Each structure stands twice: as C-alpha cells, then as structure tokens.
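This report refers to the structure that appears directly beneath it.
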Amino acid sequence: MALRSDELHYDLKHLTGMLTTREAAEQLRMSYWHFMHLVESGRIPGVRIVDRWLFSPTDLDDYRRRKYGELEDMARFALESPAVELTEKQEHICHLLLAGQRPSDIARELQQSRQAVHSQIALMREKIARHQLSAPSAAPNPQDAPR
C-alpha cells in the first residue's frame, strides 16, 4: 500500500525521539551485541521497521529501573538511615548507584573487581536487614487498624 507523504508524516510522528540500536545500547551502557541479545529475547521492547530497530527512551528507563531499581532503593535507604552505619567505601558505592552507575562501572571506577563491589553491596543489604529488624516499625500495620 502506498502512502501519501502527509499520511506517512502522520504515521511516523510518534517515532520522533526514538533511539537507534547503537544509541539505545550506549544509553544503557552496554555493548551493541549484549543489547541486541536482550532485545531479541524480549527483555527490552522496541519497534522493528524493515531492517532497523527503534527504541523509546521511556522503555529503556523502565528496563533500567526494573534491572537496577532495587539497588538504587537500597542505596537511598542506606544513605538516609545513619543507623545502618555504612563504611566510607559503602557510602561512596551508594552515591554511585544513585547516579545511575551499574556495579561493573563502579568496580572499574574504584579499580576493584566486580566481586568486591558485589560483596560490599551484600554487606550493605545485611546491615539494612539488621537495622530493619531492630528498628520498631514506624508504619502502622493495616491489620491493626480499628474497624
């Protein structure tokens, strides 16, 4: 079916702001090949037009949030709770996580192995869990509310 140019413009208007495969991979700071593996396995949504893929920045943010959101939430909680008693290195890792860096990026920046960074993250999780067990619940339990 042939489209007139004004019809084509209308149909493609929603594609404004979409990213190419390479741009999307760069935004998520991963290799082109790893990114395409995630796309082809259905973990990152995209629009295929002829032989090209296009990606919404919103979908990429959603993927990043699903993948790294738990780490960012943990880092935020740890920094906001002095009772967790983070070491200087753990505090630095938390700030980097909140800046959107992945553990592998943090390892490179700190010139440490990824295993060392993941060990620090595991220690922070343990500290948070201990803190949450020892701290009285600030939020009332919905089941305790009067009826």
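Readers should treat all values here as calculations from the given coordinates under stated rules, not as data from a laboratory. The model shown is predicted, which means the values in this text are computed figures rather than measured ones.
Points worth noting:
- Taking every Cα-Cα distance in region 16-55 and sorting them into 10 Å bins starting at zero, the pair-distance distribution P(r) comes out as 32, 62, 6 percent.
- Cα shape, region 34-95, gyration tensor, a/c 1.5 rule: prolate
- A cut-off of 5 Å between modelled amide H atoms, ignoring neighbours fewer than 5 places along the same chain, links G46 with no other residue.
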